[in-house]
Structures are given as C-alpha cells and as structure tokens.
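Worksheet: one structure, shown below.
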Amino acid sequence: MVVAVTGSKGFIGSHLVNRLNELGYELIELDTKNGFNVTNKNHFKEVKKIDCIIHLAGKVSISESFSLAYDYLTDNYLGILNVLELARKYNAKIIFASSNIYGQPQYLPIDEIHPFQVTNPYTQSKLMGEQLCQLYSNNFGLSCIALRQFNIYGPRMNASSLIPTILKQSSSGQVIVKDSKPQRDYIYIDDIIEAYVASLNYDCHGFEAFNIASGKSHYIKEIIKIVENKLSKDIELIDLGESRKNEILNIEANISKAKVILKWEPKITLEEGMSSLIDHSYSIDKATSIANTYSKTDNINNDFIPLSVPSFKGNEWGYVKECIDTEWVSSAGKFVDEFEIKIAEYTKSKFAIACVNGTAALHISLLLSGVMPDDEVIVPTLTFIAPINAVRYCNAHPVFMDADKYYNIDVKKTIDFLLNETEMKTIIVGGEKLSYSYNKKTGRRVSAIIPVHVFGNAVWLDDLSNICIQKNIKIVEDATESLGTQYIKGNFKGKFTGTIGEFGCLSFNGNKIITTGGGGMILTDNKELAIKAKYLTAQAKDDEARFIHNSIGYNYRLTNMLAALGIAQLEQLPDYLKIKKKNYLIYKENIDKITGLHLTELPEYANNNYWMYALQIDKDIYGKDREQVMSLLDKNKIQTRPVWFLNHLQKEFIGCQTYHIEYAEFLLGNTLNIPCSVNLTKNSIDRVVEKLNER
C-alpha cells in the first residue's frame, strides 16, 4: 500500500513515518523540508499513484492565527483542496488531521454530533477542511476520514507549547502560567499514531469524523504534580490569573465512536505519557542538569541565591536554533529587524536601533545629540559608570549631580544648577545665530543631560524637560534599567521611560529585566536621527558592496542570534513585570517589619518595572552596617551588592565639577541590592528575610 504523508517532518508526521515504516508501508513524504509546498498545486503533479494520503501539513497555532488570519485561512484551505484533487486523481483514501472544532461545550463529554463553534481562524480553517472533505466525498465518491485531535503531547512537539514550557520552567522550581483553571483532554503522541494506523485499516465509505483524545480532562496542576514526582522536586505554581476572553474551562472528548468503529482506544495514561516524555525528550539526566543549573535561583535550604540572573523559559532555544539552522548568526537577519520593530511597538517609539550594548547606545545617542569635544554633559554621580564613560568617548566632560530618594538624579538641584550656574550665549554658525547654554564656572558649552532611571525608577522629567528646552540642552535618557516603566502622572502620562528625550537607551545585559546576553537599543522619534544611528552603528557604510565609508563608524550592531533571544524574552516581559512586582511586595511586607531595615519606596508617579530591590539599613537601629549585612548574607549563600561607588570619586573623574552632592553619599553607605531574579521563588524570599531577622 502506497501512502503519501504531507508534513512528514513535523511533530506528528515524524512519529507517523517511523511507525508506518515499521509496518512496511511504501511511503511518499511530502514536506517543506523536501521542497514540497502543499499550497502549490503544481507540486502535486509529480506525485506518483497512491492508495492513501494522510494530510498533516498546515499552520497549527491558535494564538498565531489571530495575527495571521489570512495566511491561516488561505494556506490551510489550499492545502486540503490540493490534497483532495490528488486523491480524486488516483481515487485514493484521505485521512485529514482535523482538530477540536466544537468551541464552548454545550455538554460533556463532547461527541462528534456536538454543534460546531468557530472561535479563531485556525479552527475555521479546520472546519473548512472537513467541509471540503464532505463535498468531495459526496460528489466524487472519495473515502475521507477526519481525525479531530485534541491536546497532543510528546517528544518533538513545539517547544513553546504548554507541556514543554512547564518542563523547562520546572527546572527552576517554579512554573508560571497565565491561567491554571482550564482543564484539557491530553493525548500522548503514540496513541495518536495508532489512531492513524487504525484509520488506514478501516474500510471507510464516504466521510467519517472521529474524536481522537484520551477521554479524560486534567488541570495544569495535575501535570505539575506528575513532573514533581518524576523529578523528585518541589515545584511552585504561579497563576497570573489572566483568563482569556471566552476561555473554555473544560474540554473532554467522547471517544466511543473511535472505539467502536476504528477499534482504537488510547493505551497511555497522562502519568505514563509524561514520564515517557521526560525520559525521551528531557531525560532525567538532562532534567537534573538543568535543575542544577537553575538551582542558584531555587529555594532549597543551603542553595546559592544569586542577585539577578536571566530566565529562559520561552521560545529562546527555538529562535536561536532557527538562526543556526539558517546560518543567519551575525549582524544581519530577520530577528534583528523584528526585534527593533517589536521594541518600538512596545515602547511606542517611532524608531528603535539595535546595538551591541547599552553603552554603545549611549555613545551614539550623545554623538547624534551634538555633543562635541570639550562640551559638558550633566550626569548623576550615583549610577553605573557606563553613561559617564560614554561622555568621555565623545571627549566631553561630565558634571556630576546629587541623587534623590529614588536613587535618581536630583532634579531640583539640577534645575538650580541650570538656572543659576549656566548662561545662554549666541554664536553664529554658517551665518545662522544659535543659542546654547554655557557653564559660568568653566566656560564650556553644556550640550546634553543624561537622566538615569536607576533600578527601574522613573526620573520626574516634567520640569527638567521644560528647562532643557529653554536652555537648548538635549536629553538622552539612560533607560537601560527601566524597560517597562511607564509614567502614570504628569505631562508624560502613558509614556515609557526612554521615550521622553531626544534619545532613549536600553540595555539587555544578562542581569536586566529581559536579556540578549549583551545588547542595547536606541529609541527616538526622529526619523533622520534614526537613519544616522543605524548608519553609524554599522560601520558607516555608504556603499556596502564596494566598501565605501564616508564617515567614522562603529561596529555596534546587534547580532541576529542575540536579537532572537531578545524577541523570546520580550514575549515574556508582561509576565516578568508582574512577578517582579509581586516579589517586591512580599519582600516589603516582611522586611519593613524588621526594625532598622526598609525596602525603598518607589515613585508614585509611575508604574515601575521593579528591576532591582534596594534595601536600606539604619546601622544604629539594626545593629549592623552595610558591609556586615553583606557578609552575613554571603555566608548564607545569598548574593547581594552595594550601590555603585560614586562616580565623582572614581580615579578618572576626580577633579570634574560636582554640584552639592550630599544624599548620594548617604545612599552609598546604607544600601544593598538583594536577590530579585524573575526565577526567585517564595521560599528564597522567605530565606532572605529569615537571615535578615537573625542579625
């Protein structure tokens, strides 16, 4: 018997081909990896005579079908139409991979005569496919079987599906789901394959549809319990409580028809299937290795709790693998372009330019803001050294400002400096009169200011931005720590940090709220400046083919592989923000009960991203100073860090101008950052608080 299989290299197809080869069928594999496109009718002309065709190929993601509705409807429709024409040509039997097309159940378990309810483009495409099968069966005498498959799982399934996601997350001791209430009917891949074998053996006349499922529904928590038992590991379930509109709470199939007519029924329980999946795809050794890798963020006593480490539980591997498979790994490729577009969309910026890191983003932004050698740039002293270095890259001079209670630049003192310590001067450039601010003390032009949104806390920019406009001083926002922070009050209500100034700069370093390992992004609404930024970050290529460069450029472009990581991370950012806030509130409730300790309040004028948690220590009340608390926690395998050493005291910047720096020195002496990873679990937080209580 000659059997053609479309989508033979896919999840179901690869398992089915193996099984049919075992049974001695003569197979014809029709797959995109073999250059075969089911939507192209010309490709079917070369297919030799067949007895049966199993149609698996098509687009299969419900969530993706909303954004790609046209592609789903046209591609899936054309695919089954071309398959039916091939079957008609050879009078071949058809087995069509359909789906649960019933929508919201009117009763349970759902049988094959249950009314159909289309809720998404994917389901519509499957219903259309079945209708075509019925049409060809009724009018041309074809034998057609539609297998309405429910929730399939097993080795080689899509890594972004629910069960692989649970397995990946479980290694950290924590599983995050949007909604844990729905129940689903899960069926193991081996049982699905036997349903296809049974369909091949069934002498069908006309059109028949069968539910292929386990006949039992399960909660997510049941799956997690099975994984816990298999890995001998406690797993915390975090339910974000984000129910989808019209969410179906329970799906359970009636499989009596398949049992009676196909002589098929599932043999593998959920426990057996999950155990097999872990053994085959995520072997115990591998799972243990992953668990050990992530044990730094696990909350078992005596395990190391790091300060801030990344979480890779989404599509990271799949996207990076695509880069490797397609060999697009350097500073060009679809993921770089897509990452820029998605960051721009998220932040509501008109343009985003990807860079190798946040420092490169700051450097280019300062250059394009017109910072010239011997200019001055106003900066906070309490910040990571990167923005200060970027000023020096431009051969300009930093002028250091104090910090406020949120660890940000002291806006009041900065405005006071601008109003009282600078003056406007008019110069003629190319016959045009231009006015700039000049430092009364040094005589240098003050061309820019870098407000840093420290620890994710938004700087209040309403008043400062007005003064900067008056003074012709460009604002370059250092938003490297504040992706996701959004103003909820003031002139910039609704805007994200990094989108207020001439430029905003993001960082995707390994400890940031999302990471590409190393990477950055320039945000701007100015099209001309965006074009120049991309030009400068790509070595200033004027004629790429002939290597003509008319300006000094920089090798600052992000690679495609790192951008692929970034896209997967950005997909998870909304969840990360909720987790970070939740953990902050747990910390704060408990730490504020300890006399002498206080978790820093956050600005009430913004929804902050809670990137880094700042613990303030009153040594006179608590009985230990910052260094002693660091030592205490370090001995208990809990990583912390002090705030950055003040930049105006750094060797390279001693002698640079400062302005009334006082509070920054206070914050330096009494602040520790405590563990804040997205992977951080409740047990780890409890352990940190427990050790702080020991004093």
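The values are calculated or read from the model by the stated rules, or taken from the named source; none is laboratory data. This structure is a prediction, so every number in the text was calculated from the model and none was measured. Because the Cβ atoms are built from the backbone with ideal geometry, glycine has one as well, and the counts that use them run over all protein chains shown.
Condition check ((1) at pLDDT below 95; (2) over 17 Å from TYR90 (Cβ atoms); (3) over 33 Å from the mean Cα position of the chain (by Cα)) across all residues:
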{"site": "ASN34", "(1), (2), (3)": "yes, yes, no"}
{"site": "VAL38", "(1), (2), (3)": "no, no, no"}
{"site": "PHE44", "(1), (2), (3)": "no, no, yes"}
{"site": "LYS49", "(1), (2), (3)": "no, no, yes"}
{"site": "SER65", "(1), (2), (3)": "yes, yes, no"}
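Taking the stated definitions as given, is THR414 part of a strand (DSSP E or B) and not assigned by TED's automatic domain parsing to the domain that holds GLU604?
No.
Exactly one of (1) surrounded by fewer than 21 Cβ atoms within 10 Å (Cβ to Cβ); (2) at pLDDT below 95 is unmet by GLU194. Its number?
(2)
Yes or no: ASN42 touching a Leu at 6+ places or on another chain (Cβ under 7 Å), of a type in the set (S, T, N, Q) and free of Cβ contacts under 8 Å to residues at least 12 places away in the same chain?
Details: touching a Leu at 6+ places or on another chain (Cβ under 7 Å): no; of a type in the set (S, T, N, Q): yes; free of Cβ contacts under 8 Å to residues at least 12 places away in the same chain: yes.
No: the conditions fail for ASN42.
Residues that are surrounded by 15 or more Cβ atoms within 10 Å (Cβ to Cβ), in a loop (DSSP other than H, G, I, E, B) and at pLDDT below 90: does the stretch 252-261 have at least one?
Looking for residues that are surrounded by 15 or more Cβ atoms within 10 Å (Cβ to Cβ), in a loop (DSSP other than H, G, I, E, B) and at pLDDT below 90, one finds none in the stretch 252-261, hence no.
Failed condition for ILE353, given (1) in contact (Cβ under 8 Å) with a residue 12 or more places away in the chain; (2) part of a helix (DSSP H, G or I), with all others met?
Result: ILE353 fails condition (2) only.
Only one residue in THR442, THR524 is farther than 30 Å from LEU307 by Cα and in contact with a His (Cβ under 9 Å, 6 or more places away or on another chain). Which one?
Working: THR524 fails: in contact with a His (Cβ under 9 Å, 6 or more places away or on another chain).
None of the other options fit; the residue is THR442.
Working only within the stretch 303-325, note down all residues that are over 20 Å from MET157 (Cα atoms) and either under 20 Å from the mean Cα position of the chain (by Cα) or at pLDDT below 90 (or both). Outline the logic, then answer.
We begin by selecting, within the stretch 303-325, every residue over 20 Å from MET157 (Cα atoms); these are 303-311.
Within the stretch 303-325, ASP303, SER308, VAL309, PRO310, SER311 meet the criteria.
Out of the residues in the stretch 387-402 that are over 10 Å from LEU366 (Cβ atoms) and either in contact with a Pro (Cβ under 6 Å, 6 or more places away or on another chain) or in the same structural domain as GLU665 (by TED's automatic domain parsing) (or both), state the one that is surrounded by the most Cβ atoms within 10 Å (Cβ to Cβ).
MET401
I need the full set of residues from the stretch 547-584 which are under 23 Å from SER684 (Cα atoms) and either of a type in the set (Asp, Glu) or outside any helix (DSSP H, G or I) (or both), in order please.
ASP575
Restricting to the stretch 417-450, name every residue that is over 22 Å from CYS394 (Cα atoms), without any contact (Cβ under 8 Å) to a residue 60 or more places away in the chain and part of a helix (DSSP H, G or I).
Residues satisfying the conditions are LEU419, ASN420.
Cβ-Cβ under 8 Å, sequence separation 6+ or interchain: first residue in the stretch 632-655 and β-branched (Val, Ile, Thr), partner assigned to a loop (DSSP other than H, G, I, E, B). Which pairs?
ILE638/PHE304; ILE638/PRO675; THR640/LEU307; THR640/PRO675; VAL643/LEU382; VAL643/TYR407
Mind counting the residues in the stretch 228-251 that are loosely packed, with under 12 Cβ neighbours inside 10 Å, charged (D, E, K, R) and under 27 Å from GLY173 (Cβ atoms)?
Residues that pass the stated criteria total 1.
Could you count how many residues in the stretch 20-58 are under 26 Å from SER160 (Cα atoms), among the charged types (D, E, K, R) and surrounded by fewer than 18 Cβ atoms within 10 Å (Cβ to Cβ)?
Applying the first criterion (under 26 Å from SER160 (Cα atoms)) to the stretch 20-58 yields 29-39, 54-58.
Subsequent filtering for residues that are among the charged types (D, E, K, R) retains 29, 31, 33.
From the residues that got through so far, the ones that are surrounded by fewer than 18 Cβ atoms within 10 Å (Cβ to Cβ) too are 29, 33.
The total comes to 2.
Of all strands (runs of 3 or more DSSP E) completely enclosed by the stretch 474-532, which ones contain at least 3 residues that are within 18 Å of ASP337 (Cα to Cα) and touching a helix residue (DSSP H, G or I) at 6+ places or on another chain (Cβ under 8 Å)?
Working: elements: 474-478, 503-507, 520-524.
Fully inside the stretch 474-532 and qualifying: 503-507, 520-524.
Okay, residues lined up against (1) in a helix (DSSP H, G or I); (2) among the aliphatic types (A, V, I, L, M); (3) in contact (Cβ under 8 Å) with a residue 24 or more places away in the chain:
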| residue | (1), (2), (3) |
| --- | --- |
| ILE661 | no, yes, yes |
| PHE666 | yes, no, no |
| CYS676 | no, no, yes |
| LEU680 | no, yes, yes |
| ILE685 | yes, yes, yes |
| LEU692 | yes, yes, yes |
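Which count do you get for residues in the stretch 205-231 that are modelled with pLDDT of 95 or more and assigned to a loop (DSSP other than H, G, I, E, B)?
Within the stretch 205-231, residues that are modelled with pLDDT of 95 or more and assigned to a loop (DSSP other than H, G, I, E, B) number 6.
Determine whether ALA568 is among the hydrophobic types (A, V, I, L, M, F, W, C) and within 23 Å of the chain's Cα centre (by Cα). Show your work before the answer.
Numbers: among the hydrophobic types (A, V, I, L, M, F, W, C): yes; within 23 Å of the chain's Cα centre (by Cα): yes.
Spelling it out, ALA568 is indeed among the hydrophobic types (A, V, I, L, M, F, W, C) and within 23 Å of the chain's Cα centre (by Cα).
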